[in-house]
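What follows is one structure encoded as structure tokens, with my remarks underneath.
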Amino acid sequence: MQVLDVDYMLGLVPILLRYLPLTLQMAAVGMALALVLACGLAVIRVLRIPGLNAATLLFISFFRGTPLLVQLFLFYYGLPQLLAFLTQINGITATIMGLTLHFSAYMAESIRAAIVGVDRSQTEAALSIGMTNGQLMLRIVLPQATRVAVPTLMNYFIDMIKATSLAFTLGVTELMGATQKEVAGSFLYFEAFITVAIFYWVIVELLAWFQRRLEIRLNEAYRR
Amino acid sequence: MIKVTGLVKRFGGTAVLDGIDLAIEQGEIIVVIGPSGTGKSTLLRCLNFLERPDAGRLTIGDLDVDVTRASRADILTARRRTAFVFQNYALFANKTALENIAEGLIVVNRWPKEKAHARAREILERIGLADKADAYPASLSGGQQQRVGIGRAMAAQAEVILFDEPTSSLDPEWVEEVLNLMKQLARERQTMLVVTHEMSFARDVADRVIFMEGGRIVEQGPPDQLFSSPQDPRTRDFLHKVLATQVTIDTPT
Ligand SMILES: Nc1ncnc2c1ncn2[C@@H]1O[C@H](COP(=O)(O)OP(=O)(O)OP(=O)(O)O)[C@@H](O)[C@H]1O
Ligand SMILES: [Mg+2]
């Protein structure tokens, strides 16, 4: 018996490639939605908007305090029993929902920290020339907070890409689901799973490279 | 003209401003001096609503409000008619020198970007930093940053520019260039209210010097009068400490 069935692994590559787009789409959509939601939550926290602030704290506490897998099951199996109109929820939607809510809870806290970290005197300077709070946020605070938050947010994006693999537990055939199906016929567990592992690894390394370039660009204004 | 009457600001229980009355004529250059912690910064910040005063009346042009009842619109109007120069420059770190100056014109006055940038270039010329238009604050010296800070205030075309110790954070080597720019503005009769410890600036440039202590205006007058024959013992005491080595003060016997 050979140590490693390389031919099998190479044969797996084109098959897995077909499922790569779904994995990336779930992560991209989840990330986009999570970013929007996290920004909203962070602003509520920073401005301490009465009522909403407490609700936001509860939201963050719950989604950080429970496992992502449990949350996915809750959305996929649990919610349709509770809310009739969700009977049609499919695995992909449930996964995106779970990823969005789960990661937005983490991201909200790092965005909040980045916003609070922007030098207070610049806020006063912006107000002193007659900017409104909204203009101050959009033109001065958020651009600077972005620079601080980007490295952390990119790390969450990387985590999210890896977390899409949980979608297979909801019956979604993405990278991990496809691997599962393949291995069911071949029983070459090591070959199959190391191949899919390398898939994730390459994606993450590409992203890390992009992240470094992005950070260099974002830091341009701050070089002495 | 700018006028405040009965301005009061409390932090906790203590009145940091304890009934300030002050009128500033157009083109007037006023220097505020006084010991640390007497409310000089707080006075400037209240005029700009960076602090919300607890009592008083504020008049700037046709704006005339009870400060405790000022609406959001009143506050924005007051801020647009007063410009602030900060001790630590407070430049927008994500914007170039040009953009720092043009920002208010674009966002607050809603000028088209080209027009705002053209005006910002004129101002950069006047503050002697035309070649630094595209430099970010982090790459500028303290003196250059503060000149941009003043340029940003100039762009606002405010009724008055409020300076809160504009040279106090600067390395000594940069103080002169900032004071020179302020003198230039004074020659152009830009209305200014300046908190500073630079007594020579007060003596050379001010129309009126105000001595504050304990949240009140203790004494005020033209600089030669206030510096050479202060009436209140507290003024005398303060000037003695600050000026002891610089000028002789005639102490009435
Ligand atoms: N945000 C604040 N909260 C509480 N106390 C404050 C606040 N700002 C200022 N104070 C207090 O008010 C008093 C006046 O402060 P202010 O900064 O106006 O003094 P100042 O005359 O500008 O002093 P300095 O010459 O040191 O700048 C001080 O005792 C200060 O501790
Ligand atoms: Mg002060």
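All of the numbers you see were taken from the coordinates with simple rules; none came from a lab. Here the structure is a predicted model, which is why all the values come from computation and not from measurement. Every residue, glycine among them, receives a Cβ derived from its backbone with ideal geometry; neighbour counts consider all protein chains shown.
Numbers below:
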item	result
In region A:62-115, residue surrounded by the most Cβ atoms within 10 Å (Cβ to Cβ) [restricted to those that are out of contact with any Leu (no Cβ under 7 Å at 6 or more places or on another chain) and of a type in the set (Phe, Trp, Tyr)]	A:PHE103
Segments classed as helices (runs of 4 or more DSSP H), wholly inside region B:25-127, with at least 3 members that are away from ligand 2 (no atom under 16 Å from the Cβ)	B:72-80, B:97-107, B:113-126
Filter result (more than 22 Å from A:GLU220 (Cα to Cα) and free of Cβ contacts under 8 Å to residues at least 24 places away in the same chain) within region B:122-166	B:GLU122, B:GLU125, B:GLN157
Output for region B:128-148, where each listed residue is within 13 Å of chain A (Cβ to nearest Cβ), away from ligand 2 (no atom under 16 Å from the Cβ) and within 23 Å of B:PHE201 (Cα to Cα)	B:SER141, B:GLY142, B:GLN144, B:GLN145, B:VAL148
Check on B:GLY27, surrounded by fewer than 16 Cβ atoms within 10 Å (Cβ to Cβ), more than 9 Å from ligand 1 (Cβ to nearest atom) and not hydroxyl-bearing (Ser, Thr, Tyr)	yes
Some residue of region A:126-143 being closer than 30 Å to A:VAL46 by Cα, β-branched (Val, Ile, Thr), in a helix (DSSP H, G or I) and within 14 Å of chain B (Cβ to nearest Cβ)	yes
Qualifying residues in region A:21-44 (those that are in contact with a Ser or Thr (Cβ under 6 Å, 6 or more places away or on another chain) and within 20 Å of A:ASN133 (Cβ to Cβ)) - the one surrounded by the fewest Cβ atoms within 10 Å (Cβ to Cβ)	A:ILE44
Residue in region B:157-166 that is within 16 Å of ligand 1 (Cβ to nearest atom), in a loop (DSSP other than H, G, I, E, B) and buried (at least 23 other Cβ atoms within 10 Å of the Cβ) present	yes
Tally of residues being within 10 Å of chain B (Cβ to nearest Cβ) and of a type outside the set (Gly, Ala, Ser) across region A:98-125	6
Counted residues, region A:144-172 - those being surrounded by fewer than 20 Cβ atoms within 10 Å (Cβ to Cβ), free of Cβ contacts under 8 Å to residues at least 40 places away in the same chain and either in contact with a strand residue (DSSP E or B) (Cβ under 7 Å, 6 or more places away or on another chain) or farther than 24 Å from A:PRO67 by Cα (or both)	1
Hits in region A:173-209 (condition: farther than 10 Å from A:LEU16 by Cβ and without any contact (Cβ under 8 Å) to a residue 12 or more places away in the chain)	A:LYS181, A:VAL183, A:ALA184, A:GLY185, A:PHE187, A:TYR189, A:ALA197, A:TRP201, A:VAL202, A:GLU205, A:LEU206, A:TRP209
Residue satisfying all of: in region B:10-24; within 14 Å of ligand 2 (Cβ to nearest atom) and in contact (Cβ under 8 Å) with a residue 60 or more places away in the chain; surrounded by the fewest Cβ atoms within 10 Å (Cβ to Cβ) among these	B:VAL16
